[in-house]
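Q: Next up is a structure, given as structure tokens.
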Protein chains: 2
Amino acid sequence: MKDIMLDERTKRVLCAVVESYIEKPEPVGSRYIMKKYGFDVCSATIRNIMSDLEDEGFLFQPHTSAGRMPTDRAYRFYVNYIFQESIRSQSEEIKRYIESLTKRLRKLRNDMNSLFLETTQSLSQFTKYLGLALLPETDKTTLHRVDFIKFRDDLVIAVVVNDKGIVKNKIIKAYPGITQQELNSLADFVNSKYQGKAFEEIREDLFTRIKREKIFWDKLISKILKMCQQALYFSREDLYISGLYNIMHLPDFSDIEKLREIAKTIQDRHILIKLFESISEEDEIKIIIGDENPFEELRNLSIIASPYKEKDKSLGVIALVGPKRMDYQRAIMLVNAFAKSLTETLSE
Amino acid sequence: MKDIMLDERTKRVLCAVVESYIEKPEPVGSRYIMKKYGFDVCSATIRNIMSDLEDEGFLFQPHTSAGRMPTDRAYRFYVNYIFQESIRSQSEEIKRYIESLTKRLRKLRNDMNSLFLETTQSLSQFTKYLGLALLPETDKTTLHRVDFIKFRDDLVIAVVVNDKGIVKNKIIKAYPGITQQELNSLADFVNSKYQGKAFEEIREDLFTRIKREKIFWDKLISKILKMCQQALYFSREDLYISGLYNIMHLPDFSDIEKLREIAKTIQDRHILIKLFESISEEDEIKIIIGDENPFEELRNLSIIASPYKEKDKSLGVIALVGPKRMDYQRAIMLVNAFAKSLTETLSE
DNA sequence: TGTTAGCACTTAAATATCTGGAGTGCTAAA
DNA sequence: TTTAGCACTCCAGATATTTAAGTGCTAACA
């Protein structure tokens, strides 16, 4: 839906309504707007403007003779209106906060898990919304080292460390009678050949080898290579979520039904993971308001998400999830600043 | 508080009130008890009995002229009363369920994470309470293998696999210039010397070596040994919690304040971990009702917890956490059966 | 033509009032 | 010791009543 041309005063009224509603979730009246936001026309005029805005689908009344509340469209307009301002300027409070945060994050740069836990917790604590972080996708990192550990029978535990220091492990089936010796040489082979290479590249290389082996050589080797290939693939499932307790204090989630929705969202992480995976491809901070969400389950929420990077290569996403009646200005500032801070920390 | 002698009929009335309240959380009246539970005395008699029970602290009235509700003491009496019955007999429904569960669990016995996730999820799904599991304590398991991986600067990632196939990793500080070669031989040394030994034993052995080295020999070796010791110690923090969404559907948690409490409990896992650690030392299933809980934060809840073992050695705990108005019979049966099932699976 | 003052009208939310019913406690008789 | 009977209590739900916020509309005004 394209933006209709609104004259300056109408825009100001619209933003005033949105801001007032963000501050306090109650229908906003014309007189209140006039006085609080210093308009020097009388309330009837504001009333006319609000009526027009209702016709355009920016506002609605919960019932006749009540004040008006913003629609998703109004939030979208508002966000577009303040966006530039939000990512450019930072309040003194936030500036100081970010500074101290960056220091703390730097100390954790060698321990990804603590790093992202701290990030999501801080995000949530500072906004009272849910703070989320999708860890760097394994496929966007490079292999640091792999170890194969014989476990039981024909099982092998593959322990993979990437260049970010994230350790993953996977249980894979080998063949009966495989020895730790054999596994050691296999690991040596993989490490010497592939250390520092991207996972996808490695898997592809293994693939061509498998093909070759299959046609000309040993079936056993082909099997082992396949095992390696398996060991080096990880689906994305590392999503940190902090702040359930915080979000429960918002009036927007004061009724059980809404809380259940949130709980379900947190439980079914894969939806959020899918969403954030798509966002991690984006270049900039992304704001998804209510209805705009591709996933129906999330249409009662707003999401501010930003990729974080390592030298221009997007690794993952951090985000805030909150009510549509969100303090967008603050949320955008923060997510943006956090993403920058993380990017810096990771690019060092 | 010791049990007061109650005559048989009084006991029956008390249990009836508790069961009625468990079934439906509303004050229970004398006439209702009489009819529903087939007493062949008139309601006035029941009334007198209930009045006596109130004097003894088993029941209370939310207000004069209302029915009565059980106190924590009543729940405790009830649980003691039905306990033997609960762990001995099993309903057909549960029997069949446990059978199919055991089959499923057996398939996962090589993958502890999936095993315990499945366990807690099933526990919760079947009861609508929170299903919890504390993973086997590292110190109760033995070392299967350790690997030291040089990471950045003077950092080393220690990857430790225990005999349960649980992989843990830890970032430790070595000294600048340490090489992967050195780390490999160190790992070889530890593996050949300590594989199959209990972690505590290993750490102790290392401790005596450190002492010896410190006095007579190389400071460097002493430092390395210390590093090993560090690498082989893990504080307990693996607690699985499933079913937040389920528990939100109980009428007991229909108001926000109570939900917040639950959310806080889930967030501050260390309290639960502490509690379960102490329970894992017990030999049998343990039932903690409301007030009995050593931690104040949990006094609005009831907890049914049982250690699971490997050949008589207690490894960890599984548990149900729910409202005090819990279906104890069912909960006890289930936790007991699950623990047995796990014990079997792990002892194979 | 846009703005304003004024007023009737609408609606939800808060408050007060009433009523039925569930359940008790007590007493006196069996 | 149990029972029948009855007065009494208190909540919950239904029904009015009031209050306050806010609108929409009209007619006058700049």
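Q: Would you kindly calculate the translational diffusion coefficient of the protein assembly as shown, applying Stokes-Einstein with the Kirkwood radius from alpha carbon pairs, for 20 °C and a viscosity of 1.002 mPa s, and quote it in µm² s⁻¹ without decimals?
A: On the way: Rh = 29.4 Å.
It comes out at roughly 73 µm²/s.
Q: Between B:Gln180 and B:Ser235, how many nm apart are label points set 7 Å from Cα along the C-beta direction?
A: 3.2
Q: Another one. For segment A:37-102, what number results from the quotient of the Cα radius of gyration and 2.2 N^0.38 Å? Provide the component values of the computation, followed by the final result.
A: Numbers: Rg = 17.2 Å, N = 66, 2.2 N^0.38 = 10.8 Å.
Ratio of Rg to 2.2 N^0.38 Å for segment A:37-102: 1.59.
Q: Considering the options B:Leu183, B:Ile172, B:Leu143, tell which one lies farthest towards the positive end of the dipole of segment B:139-231, charges being +1 on Lys and Arg and -1 on Asp and Glu at the Cβ, about the Cα centre.
A: B:Ile172
Q: So for segment A:8-70, Kirkwood radius off the Cα pairs, Stokes-Einstein at 37 °C and 0.692 mPa s: how many µm² s⁻¹? Numbers along the way, then the final one.
A: Values: Rh = 11.3 Å.
For these conditions, the coefficient is 291 µm²/s.
Q: From zero outward in steps of 5 Å, how is the percent of C-alpha pairs of segment B:1-123 spread across the bins?
A: Pair shares across the bins are 2, 9, 17, 16, 13, 10, 8, 8, 7, 5, 3, 1, 0.
Q: Considering only DSSP beta bridges with both partners in segment B:252-318, what is the antiparallel share in %, to the nearest 5? Walk me through the intermediate numbers first.
A: Working: 9 of 9 bridges.
Antiparallel bridges: around 100 percent, rounded to the nearest 5.
Q: Moving on. At most 16 other C-beta atoms within 10 Å and a DSSP loop state: those are the exposed chymotrypsin sites (Phe, Trp or Tyr not before Pro) I care about. Give me the longest piece of chain B that has none. Working shown, then result.
A: Numbers: sites that count: B:Tyr37, B:Trp217, B:Tyr233, B:Phe295.
Longest gap between qualifying sites, sites excluded: B:38-216.
Q: While we're here: Say each of B:Asp283 and B:Lys170 gets a label point 7 Å from the Cα, pointing the same way as Cα to Cβ; how far apart are those two points in nm?
A: Spacing of the two 7 Å Cα→Cβ label points: 3.2 nm.
Q: What is the dipole size for chain A, taken about its Cα centre, with +1 at each Lys and Arg Cβ and -1 at each Asp and Glu Cβ, in debye to the nearest 20? Mind dumping the intermediate values first?
A: Working: 54 positive and 53 negative charges, 158 e Å.
Dipole magnitude for chain A comes out near 760 debye.
Q: Okay, moving on. Give me the Kirkwood hydrodynamic radius of segment B:80-138 in Å, from all C-alpha pairs, to one decimal place?
A: On the way: mean 1/r = 0.0769 Å⁻¹.
It is 13.0 Å.
Q: Additional query: Would you kindly work out, in nm and rounded to one decimal, the distances from the label point of B:Arg212 to those of the same position in each other copy, ordered shortest first, with label points 7 Å along Cα-to-Cβ?
A: B:Arg212 label point versus its equivalents elsewhere: 5.0 nm.
Q: Could you give the dipole magnitude of segment B:31-95 about its Cα centre, charging the beta-carbon of Lys and Arg +1 and that of Asp and Glu -1, in debye to the nearest 20?
A: 160
Q: List the pairs from A:Lys264/B:Lys311; A:Lys311/B:Lys223; B:Lys11/B:Lys128; A:Lys170/B:Lys258 whose alpha-carbon separation is above 31 Å, in the order I gave them. Could the numbers behind the result be given before it?
A: Values: A:Lys264/B:Lys311 38 Å; A:Lys311/B:Lys223 36 Å; B:Lys11/B:Lys128 29 Å; A:Lys170/B:Lys258 39 Å.
From the list (A:Lys264/B:Lys311; A:Lys311/B:Lys223; B:Lys11/B:Lys128; A:Lys170/B:Lys258), the Cα-Cα distance tops 31 Å for A:Lys264/B:Lys311; A:Lys311/B:Lys223; A:Lys170/B:Lys258.
Q: Let me have the relative contact order for segment A:1-144, percent, based on Cα pairs under 8 Å that are six or more residues apart.
A: 16
Q: Work out the length of the dipole vector of segment A:144-273 about its Cα centre, built from +1 on the beta-carbon of each Lys and Arg and -1 on the beta-carbon of each Asp and Glu, and round it to the nearest 20 debye. Each step should come with its number before you reach the end.
A: Numbers: 22 positive and 19 negative charges, 112 e Å.
Dipole of segment A:144-273, to the nearest 20 debye: 540 debye.
Q: In nm, to one decimal, how far is the modelled label at A:Asp205 from the one at B:Glu257, with both set 7 Å along Cα→Cβ?
A: 6.3
Q: Which residues belonging to segment A:230-248 lose at least 40 Å² of 1.4 Å-probe accessible area when the assembly is complete, relative to their chain isolated?
A: Residues of segment A:230-248 that lose at least 40 Å² of accessible area once the other chains are added: A:Leu244, A:Tyr245, A:Met248.
Q: Relative to the present Cα-Cα distance, how much length would full extension add between A:Ala44 and A:Ser347 at 0.36 nm per residue of separation?
A: So the chain would gain 103.5 nm between A:Ala44 and A:Ser347.
Q: Another question, if that's okay. Distances in nm, one decimal, shortest first, from B:His63 to the same residue in every other copy, taking the label point 7 angstrom along Cα→Cβ.
A: Inter-copy label distances (nm, one decimal, shortest first): 2.7.
Q: Work out the FRET efficiency for A:Asp7 and A:Glu85 from their Cβ-Cβ distance, taking R0 = 22 Å, and round it to the nearest 0.05.
A: Rounded to the nearest 0.05, the efficiency is 0.65.
Q: Measuring from a point 7 Å out along Cα→Cβ, what nm distances, shortest first, does B:Cys42 have to its partners in the other copies?
A: For B:Cys42, the other copies' label points sit at 7.6 nm, shortest first.
Q: Write down, largest first, the equivalent ellipsoid semi-axes of segment B:79-219 in whole Å, where each equals the square root of 5 times an eigenvalue of the alpha-carbon gyration tensor. Working shown, then result.
A: Details: eigenvalues 390, 63, 35 Å².
Largest first, segment B:79-219 gives 44, 18, 13 Å.
Q: By how many nm would the segment from B:Ser100 to B:Ser114 grow when fully extended, if each residue of separation counts as 0.36 nm and the alpha-carbon distance is taken off?
A: On the way: separation 14, 0.36 × 14 = 5.04 nm, distance 1.64 nm.
So the extension gain works out to 3.4 nm.
Q: Turning to a different aspect of this structure: I'd like the trypsin sites (Lys or Arg not before Pro) in segment A:1-99 restricted to DSSP loop residues with at most 11 other Cβ atoms within 10 Å, sorted by number.
A: On the way: sites: A:Lys2, A:Arg9, A:Lys11, A:Arg12, A:Arg31, A:Lys35, A:Lys36, A:Arg47, A:Arg68, A:Arg73, A:Arg76, A:Arg88, A:Lys95, A:Arg96; in loops: A:Lys2.
Answer by residue number: A:Lys2.
Q: Kindly provide the pair-distance distribution of segment B:258-348 built from C-alpha pairs, with 10 Å bins from 0 and whole-percent values in order of increasing distance.
A: 17, 48, 29, 6, 0
Q: Sticking with this one: Hey, could you grab the Kirkwood Rh for segment B:177-290? Inverse mean 1/r over distinct alpha carbon pairs, Å, one decimal.
A: Working: mean 1/r = 0.0541 Å⁻¹.
About 18.5 Å, per the Kirkwood formula over Cα pairs.
Q: Another one. On each of the three principal axes of the Cα atoms of segment B:139-231, give max minus min coordinate, whole Å, ordered largest first.
A: 34, 30, 18
Q: List the trypsin sites (Lys or Arg not before Pro) in segment A:141-212 that DSSP assigns to loop (not H, G, I, E or B) and whose Cβ has at most 16 other Cβ atoms within 10 Å. Which are they?
A: Working: sites: A:Arg145, A:Lys150, A:Arg152, A:Lys164, A:Lys168, A:Lys170, A:Lys173, A:Lys193, A:Lys197, A:Arg203, A:Arg209, A:Lys211, A:Arg212; in loops: A:Arg152, A:Lys164, A:Lys197.
Answer in residue order: A:Arg152, A:Lys197.
Q: On full extension of the chain, what length is gained from B:Gln121 through B:Lys107, given 0.36 nm per residue of separation minus the C-alpha to C-alpha distance? List each step's numbers first, then the result.
A: Working: separation 14, 0.36 × 14 = 5.04 nm, distance 1.60 nm.
That works out to 3.4 nm of additional length.
Q: Can you work out the FRET efficiency for the pair A:Asp154 and B:Asp312, with r the C-beta to C-beta distance and R0 = 25 Å, to the nearest 0.05? Intermediate results must be reported in sequence, preceding the final value.
A: On the way: r = 29 Å, r/R0 = 1.15.
Approximately 0.30, to the nearest 0.05.
Q: May I pose another question? Using a Förster distance of 35 Å, how high is the FRET efficiency between A:Ser65 and B:Glu23, based on the Cβ-Cβ distance and rounded to 0.05? Show your work: numbers first, answer last.
A: On the way: r = 46 Å, r/R0 = 1.31.
Result of the calculation: an efficiency of 0.15.
Q: Follow-up question, since we're still on this one. With no solvent and one point on each alpha carbon, what is the Debye value of log10 I(q)/I(0) for chain A at q = 0.10, 0.11, 0.15 Å⁻¹?
A: -0.71, -0.81, -1.21
Q: Summarise the accessible area of segment A:62-104 (1.4 Å probe, protein heavy atoms) by the percent that is carbon and sulfur.
A: On the way: 1280 of 2440 Å².
With neighbouring chains kept in place, the figure for segment A:62-104 is 52 percent.
Q: Taking a cut-off of 12 Å between Cα atoms, list the aspartates and glutamates near B:Lys226, but don't count ones fewer than 8 places away on the same chain.
A: Reachable aspartates and glutamates: B:Glu204, B:Asp205, B:Glu213.
The values are calculated or read from the model by the stated rules, or taken from the named source; none is laboratory data. Predicted, not measured: the structure shown is a model, and the values here were computed from it. Cβ coordinates were reconstructed from backbone atoms using ideal geometry, including for glycine residues, and neighbour counts include every protein chain displayed. For accessibility, only protein heavy atoms count, side chains too; no ligands or nucleic acids. Shrake-Rupley method; radii C 1.70, N 1.55, O 1.52, S 1.80 Å.
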